[in-house]
Amino acid sequence: WYTKSCSDYNGTFSKVLSPHVGLTNLTRKSGFNGEIIQTKCYLTNENKILLKNYKKIYKGIKKLEIIIPESCQEWFFSLSKKESFEFIEMIYKLKFQVKANIFLKKKKSYSDIEDYLNNNFPSHNIKFLAPIRGLMIDFIDKDFIISSCISSIGIKASELFNIPYIIYDKSNNSFDEWNNIYFNAKLKPKFVKNLSDVKSIIKNYKNGKEI
């Protein structure tokens, strides 16, 4: 990442409200020298309020459930459409090899990934969830969160529900970014570069091993 793209943190203001250690570190690395005030995450608090009315439905023995927060293809995220499609093809193969239910939380109403799957794998049977910004209830009771590169809602949902978080990135960009910005975060995601890495983590999970 390039600090100039974070120009919002280089303004004339003297204080920044930070709900997460990652934002605190990013703000400092962006050249901000003012006061950073630690606050509670508004989205996390709002989701906790919604969860008060949530009633867990016992499903008996269920299939493995994996949720994918969709990422945007933008140059400053170092993520191209080609990489997004390679990622979702990997997820498509994973679905059948580990016999899992896959849910994809859309970023926007129109999804390139949804369109790509419908055109190339019409029987994919991946469930697409509405793009309601910041809503984390979709993540509850899922066994894994997997994202292509780092996802902010993936981080928050993993921390809130204590769900194992896997970050897929064939390069070292996400790993380097995490160690540069989130190095002192409590959450410790797993970084993977291929399908075999993901399957290995899931196998250890099923066998009750630490992941």
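Within the range 19-40, track down each residue that is open to solvent by less than 20 Å² (accessible area, probe 1.4 Å), under 24 Å from LYS188 (Cα atoms) and modelled with pLDDT under 80.
SER30
Would you mind finding the one in TYR165, TYR182 that is hydroxyl-bearing (Ser, Thr, Tyr) and in contact with a strand residue (DSSP E or B) (Cβ under 9 Å, 6 or more places away or on another chain)?
From the options TYR165, TYR182, the qualifying one is TYR165.
In a strand (DSSP E or B) and either at pLDDT 85 or above or closer than 24 Å to LEU187 by Cβ (or both), is that true of GLU86?
Judged against the criteria, GLU86 is not a match.
Where in the range 139-211 are the helices (runs of 4 or more DSSP H), entirely inside, with at least 2 residues that are at pLDDT 95 or above and surrounded by fewer than 21 Cβ atoms within 10 Å (Cβ to Cβ)?
Where helices (runs of 4 or more DSSP H) fall fully within the range 139-211 and carry at least 2 residues being at pLDDT 95 or above and surrounded by fewer than 21 Cβ atoms within 10 Å (Cβ to Cβ), they are 195-206.
I'm checking my understanding of the structure. Among residues of the range 87-113 that are open to solvent by 50 Å² or more (accessible area, probe 1.4 Å) and touching a residue at least 60 places away in the same chain (Cβ under 8 Å), which one is nearest to the chain's Cα centre (by Cα)?
Applying the filter and picking the extreme gives LYS93.
Those residues that are at pLDDT 70 or above and surrounded by fewer than 17 Cβ atoms within 10 Å (Cβ to Cβ), I need them from the range 54-64; list them, please.
Once the filter is applied, which keeps residues that are at pLDDT 70 or above and surrounded by fewer than 17 Cβ atoms within 10 Å (Cβ to Cβ), the range 54-64 yields LYS62, LYS63.
The values are calculated or read from the model by the stated rules, or taken from the named source; none is laboratory data. Every value quoted in this text rests on a predicted model; they were computed, and no experiment measured them. As a convention, Cβ positions derive from the backbone with ideal geometry for all residues, glycine included, and neighbour counts pool all protein chains shown. Keep in mind that these areas ignore ligands, DNA and RNA; they rest on the heavy atoms of the full protein, side chains included. Shrake-Rupley method; radii C 1.70, N 1.55, O 1.52, S 1.80 Å.
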